[in-house]
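Single-structure report; data block below.
Values quoted throughout were computed directly from the atomic coordinates according to the rules given, and no laboratory measurement underlies them. Fair warning: this is a prediction, and the values are worked out from it, not measured in the lab. In this analysis, Cβ positions are derived from the backbone assuming ideal geometry, glycine residues included, and neighbour counts consider all displayed protein chains.
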Amino acid sequence: MRWPLLALLLLPVSLAAKKSAHEQLVDLAAAGNGLIRLNEKTYDLLTSSKRDWSASVHFTALSPQRRCAPCKEFDPSFTAVARAWAGVAKEHRDQHFFATLDFDDGYTVFQKIGMASAPAVHVYPATEGPNASAKKAPFTFDFQHGFEAGPLAEQLSVHTPVPIPYTPPFDWSRWGSVASLIPIVTLIFRFIKPVLQNRWVWAAGTVLTSLVMTSGYMFTRIRGVPYVGPNGAWIAQGFQNQFGQEVQVVTLVYGVLAGSFLMLIVVTPRQMSAVRQRTQVYLWTAVNFLVFNILISLFRVKNPGYPFKLIL
C-alpha cells in the first residue's frame, strides 16, 4: 500500500520534469549561444510535422577528411547570423531557431532529404500556430551573393518573426590598408605633382580622350564587331558600321589632324625666327590639308554617295 501511494505522490514531479519539444529546443539554443548543434534525433525534433516554430538549418561537412572548403568558408557567416538572432527579444527569439547539422553527425538525414552537396541552408516554416505558413516545403537559401553573412541575414529575415539584427564587424584590415596607403599616396603625389600641373600633359590627355570618343572605339566595344570583315576588308560599308581596324586608322587620322592644329596655334607662334615660323606654317598647313583629304576619302569609301571631295 505504501509503494502505490509513493508513486502517486511522485507522478506530478515526473510530469513537471517532462519538457515539451519547444522547451527542449529553447534550452539547446540557449546552451549553444543561439545555435543548436544537431544530430539525427534533435533534427527530427526540430523539424517535426507539428511545430509552431520555424527553423533555419545549416547542412555542412566540416570534418577534415570531407575536404569541403566552402563549408569552412561559410560556417563563420552562419554562426554570426545565429549569434545576432540570439540578441532579439525572447518572445521572438523562441519562435525561430538556428541549427547546424554536420554530415558526420547525421548522414542518414542527408540521405533521407537527398542532400548531395554542402553547404546548404533550409528554412523550415511553422506548420501550426499564428505563424503557420501555407507552404510546407522548406525554403532553400541561394548562394548567388556568396558566403557573406550580410546577404544571408537579409534573406533569412524574410522568414523570421522580426528582422535579424546583424551588424557586420568592423573591418580592421580594410581600413588599415587604406590608412597605410595615405603616406604612400602623399609621397607619390609629391613626385607627380609637377606632371599633373603641366598643361601639355592635360593637353595630351584631352586629345587622347577625344580620339577614343570620336574614333568609334566605344561603338565597336559595345557591339563586339570583328577586327576586319570576312573578305579582309578593314572599312565597313555604311555610316552605321565599323570594323576594329578602321577605328585604328580613324584614330591615327584624327590624331594627326589634332596634332597639326596644336602645332599651328601653340608651337608655331612661339618661334623666334621668322623663317622657322613661316616654314612651320607651310608644313603644318600642308599636313592638315593632306590628312583632311584622306579623311574625306575614307568617308567616300564608306558611302559612295558622299557628295564632298577635295583632291583625292
message: Please compute the contact order of the chain in relative form: average sequence separation of alpha-carbon pairs under 8 Å and at least six residues apart, divided by the residue count, as a percent.
response: 13 percent
- prompt: Given +1 on the Cβ of Lys and Arg, -1 on the Cβ of Asp and Glu, and no further charges, what dipole in debye does the range 107-239 carry about its Cα centre, rounded to the nearest 20?
  reply: 500 debye
message: Taking the Cα centre as origin and putting +1 on Lys and Arg beta-carbons and -1 on Asp and Glu beta-carbons, what dipole magnitude results for the chain, to the nearest 20 debye?
response: 1440 debye
message: At R0 = 25 Å, how high is the FRET efficiency between Asp27 and Glu73 if r is their beta carbon distance? Nearest 0.05 is fine.
response: 0.25
statement: Per residue, the convex hull enclosing the Cα atoms of the range 170-312 spans a volume in Å³ of 182 Å³
message: 7 Å from Cα along Cα→Cβ at both Tyr282 and Ala203: what's the point-to-point distance in nm?
response: 2.4 nm
Alpha carbon convex hull of the chain, volume per residue in cubic angstrom: 297 Å³
message: Using only the alpha-carbon atoms, what does the range 92-228 span along each of its principal axes? Please give whole angstrom values in decreasing order.
response: 75, 48, 35
field: Ratio of the Cα radius of gyration of the range 26-116 to 2.2 N^0.38 Å, where N counts its residues
entry: 1.09
